[in-house]
1. Under a Cβ-Cβ cut-off of 10 Å, what is the net charge of the residues other than ARG251 that fall near it, where Lys and Arg count +1 and Asp and Glu count -1?
2. Could you give the nm distance between label points at THR45 and ARG111, where each point is 7 Å from its Cα heading toward the beta carbon?
3. Take the alpha carbon gyration tensor of the range 19-147, find the square roots of its eigenvalues, order them as a ≥ b ≥ c, and report rounded if a/c is under 1.5; if not, report prolate when a/b exceeds b/c, else oblate.
4. SER42: net charge of surrounding residues, Cβ under 12 Å, Lys/Arg +1, Asp/Glu -1, itself excluded?
5. Accessible area of the chain with a 1.4 Å probe: how many percent of it is carbon plus sulfur?
6. Could you do me a favour and compute the accessible area per residue for the chain, 1.4 Å probe, result in Å²?
7. Convex hull over the alpha-carbon atoms of the chain: what's its volume per residue in Å³?
8. What does the charge count near ARG221 come to, summing +1 for each Lys or Arg and -1 for each Asp or Glu among other residues with Cβ under 14 Å from its Cβ?
Amino acid sequence: MTTTEASGERLFLDYCRSPEKFWPERAQRQARKINQRLRKLSVETGRGRDEVLTSLWSAAQQRSRTRRRTVHLANIGSSGSHWLEHMLVDGAGMLGAGEVYLPRVLHDDIRGLEGVDGATFTDALHLLHAGGTSDDATATVVHSMHSANPDVFLKADPGTLRVLLLRNPVDVCLSRVFRKGEYRQDVAPDADDMAYLQQNIVTIKQFLTAAKEQVFDLVVRYENLLTDPLPVLGAVCALTGTPLDADRLERTIQAQSAERLAGSSGARSTNLFVGAAPTVPAQARRHAQEQLAALGGYFGYPVTDA
């Protein structure tokens with residue numbers, strides 16, 4: 001083991017052993033996610049926490065010589081990212097890491113990792129979030145943090161493919177405010193509807209403004225996923241070099257269609273909302289339309305009163 005490898009592994013182990021020490025109080029949900037995944041892997045494998053982490057690091061080292069490029073699925077949330085990720089996992093054998101974030105206090109340390117060590121660090125972290133390794137050591141990881149410019153990840157793993165997932169920003173905003181009650185209670189328990197609406201408008205504007213300045217390998221739309229996911233799934237497979245099994249993809253699309261998920265428990269795992277549309281006050285809708293009109297139009301979503 002070289003000095004570089006040792007430093008990367010040490011950083012990974014120190015972070016994952018006690019993630020709560022690295023995250024501020026307002027973001028402890030990120031530490032809880034890591035601890036939950038570690039507990040689950042420990043139960044599934046019969047290994048202790050440190051043994052699980054060491055095996056993930058070893059797997060990431062092995063994968064550094066074989067794995068296909070990682071996909072960063074940039075999105076602002078409420079855009080079907082988990083649904084798309086699940087279809088790529090089930091239909092193309094990819095590894096779904098979900099939303100992976102890094103505490104700011106680690107950014108400089110990660111940027112300082114040399115050679116392939118940074119990519120090994122991020123791949124090991126992705127494997128943890130994805131629930132472990134797969135039999136396919138070439139499998140692409142998909143991660144979907146809500147950032148248009150995941151600087152620290154791109155610095156650590158510059159070969160990452162960048163896919164932008166868009167949805168009508170007004171729909172995104174209203175969904176975030178009036179549908180995701182559990183998340184709202186966690187991040188803004190004391191805010192009233194209009195205050196929380198404005199908070200989300202600011203977040204969406206920041207994301208879309210950043211996205212305007214970035215270059216993506218592929219841009220996809222949630223609305224197109226609802227109509228026909230196959231071209232999107234095929235395009236991601238082509239970008240990563242993942243062998244495309246059209247029959248498998250079609251079976252996955254049928255199994256994970258919005259209509260099918262509405263009648264099963266699958267919607268919970270994909271995070272796809274298939275219930276009745278939330279009641280949105282007219283004032284809130286008008287305010288979101290006014291505030292997001294310019295950026296929505298830039299990305300091809302003209303404001304309507306529908």
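1. Numbers: positive: ARG248; negative: ASP90, ASP245, ASP247, GLU250.
Once positives and negatives cancel, what remains is -3.
2. Inter-label distance under the simple model: 3.1 nm.
3. On the way: a/c = 1.21, a/b = 1.05, b/c = 1.15.
Note, shape of the range 19-147 comes out rounded.
4. Details: positive: ARG37, ARG39, LYS40, ARG47, ARG49; negative: GLU44, ASP50, GLU51.
For residues surrounding SER42, the net value is +2.
5. Numbers: 7170 of 14660 Å².
Percent of accessible area from carbon and sulfur atoms in the chain: 49.
6. Numbers: 14660 Å² over 306 residues.
It amounts to 48 Å² per residue over the chain.
7. Numbers: hull volume 41.8 nm³, N = 306.
Value for the chain: 137 Å³ per residue.
8. Working: positive: ARG167; negative: ASP171, GLU223, ASP228.
Result for the neighbourhood of ARG221: -2.
The values are calculated or read from the model by the stated rules, or taken from the named source; none is laboratory data. Computed from a predicted structure; not experimentally measured. Quick reminder, even Gly has a Cβ in these numbers, built from the backbone with ideal geometry, and neighbours come from all protein chains shown. Just the protein is used for accessible areas: all its heavy atoms, side chains included, with ligands, DNA and RNA removed. Shrake-Rupley method; radii C 1.70, N 1.55, O 1.52, S 1.80 Å.
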